[in-house]
Every structure is written in structure tokens, then in C-alpha cells.
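Structure first, then comments.
The values are calculated or read from the model by the stated rules, or taken from the named source; none is laboratory data. As the structure is a prediction and not an experimental result, all values here were calculated from the model. Glycine gets a Cβ as well: all are built from the backbone with ideal geometry, and neighbour counts include every protein chain shown. Note: areas computed on protein heavy atoms with side chains; ligands, DNA, RNA excluded. Shrake-Rupley method; radii C 1.70, N 1.55, O 1.52, S 1.80 Å.
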Amino acid sequence: MNHSPNDLIMLFNDLFREVFRTTLVRGSAEPEYRPAGNTGEYAQIAFAHGYYSSALHEISHWCVAGEHRRTLLDYGYWYCPDGRTPAQQRAFEQAEVKPQAIEWLLSVAAGWRFHISVDNLSGDGASDAGKFCCSVRDQAEDYLDKGLPQRAQSFFDTLKAFYGTRDTFKAAWRDDVGRVVPLYFAKEHYEAN
């Protein structure tokens, strides 16, 4: 399956450009959300280096940002770079659970390989990657049970239609849970047998 970021740009912009006055654009460096400035301008979600995964991640952040946050540069969040303290990492992970859960679901809908990111490679042991993976999985499962936020649901449905994954999504999701969170999958399989 061909995965071009141009397809994500086309799909996102067709779906949201006029209704939410927001466009997805290819960025050159760090990702950034730029709110609309003057009347008639569009807000922009710039994803890093033209990477497909970065586009899905930035779309996911936009999907959870409320109306007020979408009026602020980068939704008003302060980004603390790699090398966070344990307290900073806990705050980062708490803010990332919902966007990464949505990104994971969008990735599976697109037939794309998802990778959870604790984004703290040089931190001082500040991450419990297994716990974070389980939190993201639990949130994604909750979204599947109760429904995604409206904008995320619209894009999720659009991706399934575009990539032809409507009928295979559930099986692909279970397989991906086993890949991303193998201990959870093994426990679930053991308890079922």
C-alpha cells in the first residue's frame, strides 16, 4: 500500500479546510500549529519534514484541541525537550495519551505502522514505557467502545474509506495491539484459554 503524506494533506484539507478554517501543510523542521491570524486566513498544522507519521501525530493533537486551544500557537502548550525530569515526563505522558491513542487508531485505519513515543531518550530514567503503552492502549480501546472525538471520528472514517480498511480494521487492530503491547496481548490470550 502506498502511503504518501500528500494523500493525508488532500484528505484532511478536503474534510476540514472550510468547516474549521484549518489546513494540513508539509513543514520543514519541527511540527507546529499556527492559528489563523487575520479574518479569512486559515490555521495551519505543519508536520515535520514531510513525514507521514508526523502528519498523523499532529492531526491527532488537533483533533483533541478544544476551540480555545485552537486559537493559540501550538495550542498554548509549552514543549519540554528530550531529557525531561521524572515530573516533566509524567506531565508529558499525561498530555500525550489521548493524541497517541488517536494517532494509533488513525494509523491502523490507514494501514500504517504506529510507534508509541515516550520522546525522552536521554531522560534520567524518567519514563515507564510499558505503563505509558498500556495507558495509550486503554485510551484507544475506550475510544473504540465509546467513540472518538468528532473530528477524529470523521478523519478515522475517511482513512478507512480511502485505504479500504473498513472490513479489516478490527482484526488489524487486535494484531497491532499484540505487536505494540505484547505482554498485554499474551495475558489476554492466556486468560481466554
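For the reader, a short list of remarks on this structure follows.
- Computed with a 1.4 Å probe on the full set of protein chains, the accessible area for Lys131 sits at about 140 Å².
- Diffusion coefficient, µm² s⁻¹, Stokes-Einstein with Kirkwood Rh over alpha-carbon pairs of the chain at 25 °C and 0.890 mPa s: 141
- Residue-by-residue Karplus 3J(HN,Hα) for the stretch 64-70, coefficients 6.51, -1.76, 1.60, Hz, glycine and proline x: 9, 6, x, 4, 5, 4, 6
- The chain, accessible surface, carbon-and-sulfur percent (1.4 angstrom probe): 52
- Semi-axes of the equivalent ellipsoid for the stretch 4-88, computed as √(5λ) from the eigenvalues of its C-alpha gyration tensor and ordered from largest down, come to 22, 17, 11 Å.
- The chymotrypsin sites (Phe, Trp or Tyr not before Pro) of the stretch 17-81 that DSSP puts in a loop, and whose beta carbon has at most 11 other beta carbons within 10 Å, are Trp78, Tyr79.
- Computed from point charges on the beta carbon alone (+1 for Lys and Arg, -1 for Asp and Glu), the dipole magnitude for the stretch 3-178 about its Cα centre is near 260 Debye.
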